[in-house]
Amino acid sequence: MPVEYFFPKAFYYKDDLISKEANERLVEAAHSLRQEFPISTRANLYTTYGSVPDIFARSEFGILHNALVQEISQYLDILETRPGNKFAISDSWISISSSGNYERMHTHDGSYISGVYYISTAPGCGDLSFEELSDNLWASARTKSENFNTIRYTPEDRRLILFNSKVPHSVGQNLSSSERIALSFNMIIV
């Protein structure tokens, strides 16, 4: 009897998205944002979400924005998104996670694609985990990664990860003694 697989989810990542020098300028820009907007809208980590509407409106993030647009276009092609559709980054924010910080399981409803770019990381600073919550075969002994109901990515400096906004995801607790700095964003079809 044949077995067919449907409803795949595509996860996209690219390492070394921008140069080390350009990335160092983003570290400085993230720390400047925290000084400019010292109050976080979240209790479990520092974030500009809800206080700075568009990180990419700031010139310091222009080089990253240009690189993201290129990668998002490639990802949309892989997803076979309808030709002629245009996209826009609808919101973006910086998160600075100190030791002990985490992000609970959530989705980004109202978006098509979400992404994270890791500006600064350290070993043990918290993996990005995705889980297929509608799958009831969690107790199976699956051996093929495409059949797993959970996957995780380890943060690395200058790594971009793009994913379907509806996939539940969380960020593990930062167990390092260093900050993890990330820029996250959502994208819509316009």
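Just so it is clear, none of the values below were taken in a lab; they were calculated from the coordinates. Just so you know, these numbers come straight off a predicted model, no measurement behind them. Every residue, glycine as well, gets a Cβ built from its backbone with ideal geometry; the counts of neighbours run over all protein chains shown.
Here are some notes:
- Boolean, Tyr117 is closer than 22 Å to Glu131 by Cα, out of contact with any Asp or Glu (no Cβ under 9 Å at 6 or more places or on another chain), part of a strand (DSSP E or B) and aromatic (Phe, Trp, Tyr): yes
- Ser178 being farther than 24 Å from Leu79 by Cβ and in contact (Cβ under 8 Å) with a residue 40 or more places away in the chain: yes
- Residue satisfying condition, being touching a Gly at 6+ places or on another chain (Cβ under 9 Å) and not in a strand (DSSP E or B), within set Gly126, Gly100, Gly84: Gly126
- Just one of the listed residues (Leu17, Leu76) is touching a residue at least 40 places away in the same chain (Cβ under 8 Å) and either surrounded by 18 or more Cβ atoms within 10 Å (Cβ to Cβ) or part of a helix (DSSP H, G or I) (or both), and it is Leu17.
- Leu160 among the hydrophobic types (A, V, I, L, M, F, W, C) and out of contact with any Asp or Glu (no Cβ under 7 Å at 6 or more places or on another chain): no
- The requirement of being over 17 Å from the mean Cα position of the chain (by Cα) and either exposed (fewer than 12 other Cβ atoms within 10 Å of the Cβ) or of a type in the set (A, V, I, L, M) (or both) is not satisfied by Gly62.
- Count of region 87-97 residues, restricted to those that are within 20 Å of Ala30 (Cβ to Cβ) and either part of a loop (DSSP other than H, G, I, E, B) or small (Gly, Ala, Ser) (or both), is 3.
- Selection status of Glu71, at negative phi, buried (at least 16 other Cβ atoms within 10 Å of the Cβ) and of a type in the set (D, E, K, R): yes
- Residue satisfying all of: in region 174-190; farther than 20 Å from Arg34 by Cβ and either touching a Leu at 6+ places or on another chain (Cβ under 8 Å) or not β-branched (Val, Ile, Thr) (or both); surrounded by the most Cβ atoms within 10 Å (Cβ to Cβ) among these: Met187
- Members of region 96-128 that are within 17 Å of Thr154 (Cβ to Cβ) and among the aromatic types (Phe, Trp, Tyr): Tyr102, Tyr117, Tyr118
- Of residues in region 94-143 being free of Cβ contacts under 8 Å to residues at least 24 places away in the same chain and closer than 30 Å to Arg82 by Cα, the one surrounded by the fewest Cβ atoms within 10 Å (Cβ to Cβ): Ser134
- Those residues of region 20-49 which are hydrophobic (A, V, I, L, M, F, W, C) and either surrounded by fewer than 12 Cβ atoms within 10 Å (Cβ to Cβ) or part of a loop (DSSP other than H, G, I, E, B) (or both), in sequence order: Phe37, Ile39, Ala43, Leu45
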